[in-house]
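Working notes for the structure below.
Laboratory data are not the source of any read-out in this text; all were calculated from the coordinates shown. Owing to the predicted nature of the structure, the values given are computational and were not obtained by experimental measurement. Here the Cβ positions follow ideal geometry from the backbone for every residue, glycine too, while neighbour counts run over all protein chains shown.
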Amino acid sequence: MARQPIGDVLLKADNISLSFGGVKALSNISFDVREHELAAIIGPNGAGKSSMLNVINGFYHPQQGQITFKGQTRSRMKVHQAAVQGIARTFQNIALFKGMSVLDNLMTGRNLKMHSTMLEQAVYWGRARREELEHRGKVEEIIDFLNLESVRKTPVGRLPYGIQKRVELGRALAAEPSLLLLDEPMAGMNLEEKEDMCRFVLDVNEEFGTTIVLIEHDMGVVMDISDRVTVLDYGRLLAVGTPDEVRNNQEVIDAYLGVAND
Amino acid sequence: MLYRESGQFKTSYPADQAIFPIVQDRWGLIAVLVVAYGVVPFLIDDYWSNAVLLPFLCYAMAALGLNILVGYCGQISLGTGGFMAVGAYAAYKIMTTFPNLDFIPVVLAAGLITAAVGVLFGLPSLRIKGFYLAVATLAAQFFLVWVFNKFGWFYNYNATGQITAPPASVFGTLVTGAHTHPAVTYLFCLSFVALFALVAKNLVRNRVGRSWMAIRDMDIAAEIIGVRPLTTKLSAFAVSSFYVGMAGALYFAVWLGSAEPTEAFGIDQSFLVLFMIIIGGLGSILGSFLGAAFMVLMPILLKNVMVDSLGMAAVTAKHVEILLMGVLIIFFLIVEPHGLARLWQIMKEKLRLWPFPY
Amino acid sequence: MSQDLMFLTETVISGLMAGVMYSLVALGFVLIFKASGVFNFAQGVMCLFAALTLVGLMETFDLPGWVAVILTVAVMAGVAWIIEWAVLRHLVNQDPIILFMATIGLAYVLEGVGDLVWGSDVKVLNLGIPQGAWDWGLDNLNLYVEKLEIVAAVTAGLLVAVLAIFFQKTRVGRALRAVADDHQAALSVGISLRSIWVIVWTVAGIVALVAGVMWGSKSGVQFSLSLIALKALPVLILGGFTSVPGAIIGGLIIGVGEKLAEVYVGPFVGGAIENWFAYMLALAFLLFRPQGLFGEKIIERV
């Protein structure tokens with residue numbers, strides 16, 4: 001399937017500043033993400049990458065600046081609203097529901113799409129039953145897409161790390177998000193697992209046309225798969241551009257790549 | 001090789017979503033129901049009814065409720081005794097105000113009233129977690145018992161301060177009061193508990209149950225996915241208290257007949273029900289039943305062995321019971337935190353391969 | 001001083017004294033929570049158990065008080081060792097809530113053992129702590145204060161001072177603080193977690209003994225002691241789970257608040273509100289400051 005062309009601006013961050021007590025995590029960050037784009041945020045540890053994602057999905061409230069998503073501008077937003085607007089994410093340290101099966105984890109991802117009342121669910125009849133079966137079908141598609149069939153009913157706590165990362169991606173996908181935030185989806189993986197994960201990320205972007213913002217430390221991966229790269233360092237915005245532009249940006253080389261490539 | 005699931009293929013999601021997807025489990029449940037409905041009522045006498053079956057059913061109901069809150073939603077509560085008291089006093093007030101009302105709506109209304117009180121005391125759960133919440137529920141426990149002791153309105157200003165269940169009937173058959181038949185009260189409680197066990201099972205395997213478990217396992221991630229923490233936690237408190245309230249109503253009106261708040265609904269009750277779900281299995285419907293059965297039968301067995309056979313003093317036997325209860329709790333938490341229900345599951349898994357384990 | 005003001009002062013003082021008792025129990029909680037992350041529900045029963053053992057030793061073997069105290073300390077150390085060996089060791093890395101429930105089990109075990117060994121009847125504890133009113137205060141200030149309460153306050157103060165020195169100045173104390181900060185890191189520099197836990201539980205046992213003695217001297221050694229000790233829980237909520245000064249101040253606030261409420265509010269609602277007032281106060285407090293008086297605000301990370 002051909003990839004959908006990159007469209008208008010979907011997400012725009014304006015002058016975001018965030019601090020904890022006296023520590024500045026982000027200062028005056030502005031950047032945008034366009035529809036169907038695969039954008040990457042890179043930077044050394046502590047550069048404020050995860051904080052940026054946390055601001056985007058409303059988990060942290062920046063002291064200054066605002067986020068525009070799908071044309072709606074807000075400076076403070078609840079996590080729940082972000083989910084309603086179609087922002088889903090994965091976490092740096094896996095945050096799955098460990099006691100629940102893969103299937104249930106993914107079904108929870110579809111939580112916002114289900115509307116039956118508690119009474120209907122109590123008797124498991126009518127709408128509740130219909131919904132449950134319909135969404136089971138959708139979730140099975142994702143299970144199929146991510147090759148998770150064999151572990152469908154296994155509690156995720158018992159799965160190996162690499163698979164858990166995949167389940168987490170699946171849970172985010174189950175929400176059918178318009179913006180997907182991936183926080184180091186390949187951290188701690190071996191080469192083979194990384195390649196698998198890259199494939200899945202690209203497929204998501206191509207097949208579903210999902211806009212993705214990705215944080216990753218593996219430069220090879222980032223430069224390979226992303227359309228545009230945003231570089232942060234100590235909470236400051238260092239550069240934005242295509243992988244090639246960023247690769248050749250002297251400031252970036254000094255601050256980050258130069259050190260990393262030594 | 002009796003317990004085998006190989007060859008049982010599911011060809012549709014409805015079949016795979018069934019409560020008991022495996023044929024043998026379905027037969028097992030049917031067998032239990034046949035015995036419970038077809039055999040037990042003919043053998044039952046007052047002793048069995050009052051010492052074993054009614055306590056088992058009442059506590060199973062309470063354990064179901066507490067398991068929803070603690071086992072599924074991960075919100076620890078030490079206020080079960082207090083909430084049972086709410087159910088009991090609500091039932092008492094309704095029964096004495098409307099003497100001709102059928103007993104089924106009485107129990108349901110008692111459950112609903114308790115659910116409302118439960119939500120009230122669940123409100124702090126939005127801001128506090130874990131141990132802090134446990135202490136908050138202790139507030140409910142002590143406060144509620146005090147209220148029922150202090151305000152005469154709740155016990156209709158009678159001199160003893162006790163509440164005594166007036167006779168009430170279900171479809172014209174007496175289920176409370178002095179002139180009941182053990183088989184009738186047993187069948188009534190059994191039907192009630194069985195029905196609501198099914199409801200609980202439905203809830204936990206549907207969206208609301210998944211939301212509870214999501215909050216239990218990782219509340220921040222759940223919120224980011226779109227599970228609302230407050231409504232989810234409060235719904236767990238409401239449903240849990242609804243069950244505990246109904247349990248309290250049955251416990252007081254059908255089993256005990258009369259009750260006094262400090263004795264019948266003290267903090268020991270809270271611990272007893274908590275122990276049931278720990279031993280039976282946190283986050284398991286079956287476990288609620290197993291735990292209730294265990295905690296009801298253990299003291300009886302111990303008493304039989306120690307007092308009747310070994311001739312120990314009753315007081316000493318009581319102390320041994322307390323000691324043993326503590327030891328068992330610790331033992332289960334160390335060896336199998338998922339309790340008897342998990343042991344049962346492991347046994348079934350072994351049985352799947354038996355007699356050719358390799 | 002006017003009559004009303006006198007009465008108020010006496011109420012406050014008696015509240016403060018009750019608060020000291022709560023503080024003592026809460027102190028035991030805090031010690032254990034800091035060092036092992038275990039919320040020890042059994043702390044209250046430990047007070048009962050320690051006091052029972054002390055009385056039992058004194059009565060059964062006709063020992064002088066100080067010998068019995070030393071033996072009881074030894075017993076509490078033994079209990080700490082057994083708890084580590086039989087319970088904690090097997091529950092390392094488990095959910096805190098599982099550990100919490102295990103300590104509820106522990107409370108039952110201790111209660112069962114205590115009752116089996118020493119019997120469950122109410123016992124009189126007489127360690128020679130002076131009883132009755134504080135004469136000087138009664139004569140000169142016209143204040144009624146129990147001698148026992150003064151002794152309790154002084155003892156509590158001394159105990160806290162000794163503990164502070166122990167924590168700040170000794171090698172073991174440093175190790176304890178290290179464990180409290182980070183288990184893994186402490187392990188990696190060669191601190192034995194197990195021995196630290198035994199030490200902490202022993203210290204908590206000694207604190208429990210002190211609390212048990214004070215309480216036992218006041219109202220006899222009986223089961224209700226462990227229920228009163230449950231009130232240390234709201235104290236912890238006020239003071240925060242990890243703060244020693246928090247435990248002290250929280251205890252005092254609860255003690256005074258409870259007495260004032262009982263005296264000035266109680267009559268209007270039928271009395272006996274001591275049973276729940278402390279919990280409700282803590283609950284109300286939680287809604288405004290979930291981290292407690294001295295706890296730090298936690299920044300959640302994902």
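The figures follow:
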item	result
Square roots of five times the Cα gyration tensor eigenvalues for segment A:16-141, Å	35, 16, 15
Label-reachable residues, segment A:155-175, where backbone N falls under 15 Å from a point 7 Å from B:Glu349's Cα toward its Cβ	A:155-160
Proximal lysines relative to C:Lys147, as straight alpha-carbon distance under 30 Å, when same-chain residues fewer than 8 apart are discounted	C:Lys123, C:Lys218, C:Lys231, C:Lys259
Sites A:Gln66 and A:Arg152 - FRET efficiency at Förster radius 51 Å, r taken between beta-carbons, to 0.05	0.75
Cross-link reach list, aspartates and glutamates versus A:Lys78, counting only Cα pairs under 17 Å and skipping chain neighbours closer than eight places	B:Asp219, B:Glu223, C:Glu300
Span-rule helices in chain B, defined as complete DSSP H runs reaching 24 Å or more along the axis (Cα) with Kyte mean at least 0.5	B:80-97, B:103-122, B:130-150, B:182-204, B:229-250, B:285-303, B:314-335
Subset of A:Lys194/C:Lys34; B:Lys318/B:Lys348; B:Lys201/B:Lys303; A:Lys12/A:Lys153; A:Lys98/C:Lys34 violating a 30 Å alpha-carbon distance limit	A:Lys194/C:Lys34; B:Lys318/B:Lys348; B:Lys201/B:Lys303; A:Lys12/A:Lys153
Rounded if a/c under 1.5, otherwise prolate or oblate - segment C:1-113, Cα gyration tensor axes	oblate
For the protein assembly as shown: rounded, prolate or oblate by the Cα gyration tensor [a/c cutoff 1.5]	oblate
Computed E for C:Val117/A:Val23 - FRET, C-beta separation, R0 60 angstrom, nearest 0.05	0.60
Folded to 0 to 90 degrees: helix C:171-181 orientation relative to chain C principal axis, Cα	80
Distance between modelled label sites at B:Phe171 and B:Ala116, nm, 7 Å Cα→Cβ extension	3.0
Residues listed by number, segment B:77-117, amide nitrogen under 20 Å from C:Ala272 label point at 7 Å toward C-beta	B:79-90, B:92-93
Cubic angstrom per residue, convex hull over Cα atoms of segment C:3-288	144
Segment C:Arg289-C:Val67, length gained on full extension (0.36 nm per residue, minus Cα span)	75.4 nm
Contour excess over end-to-end distance, with Cα ends at B:Trp27 and B:His181 and 0.36 nm allotted per residue	52.4 nm
Cross-link reach list, aspartates and glutamates versus B:Lys93, counting only Cα pairs under 20 Å and skipping chain neighbours closer than eight places	B:Asp102, B:Glu260, B:Glu263
Rg over Rh, two decimals, segment B:43-265 (C-alpha only, Kirkwood Rh)	1.00
Structure-based [θ]222 nm, chain A - -39500 (n - 2.57) summed over DSSP H runs of at least 4, per residue, nearest 500	-10000 deg cm²/dmol
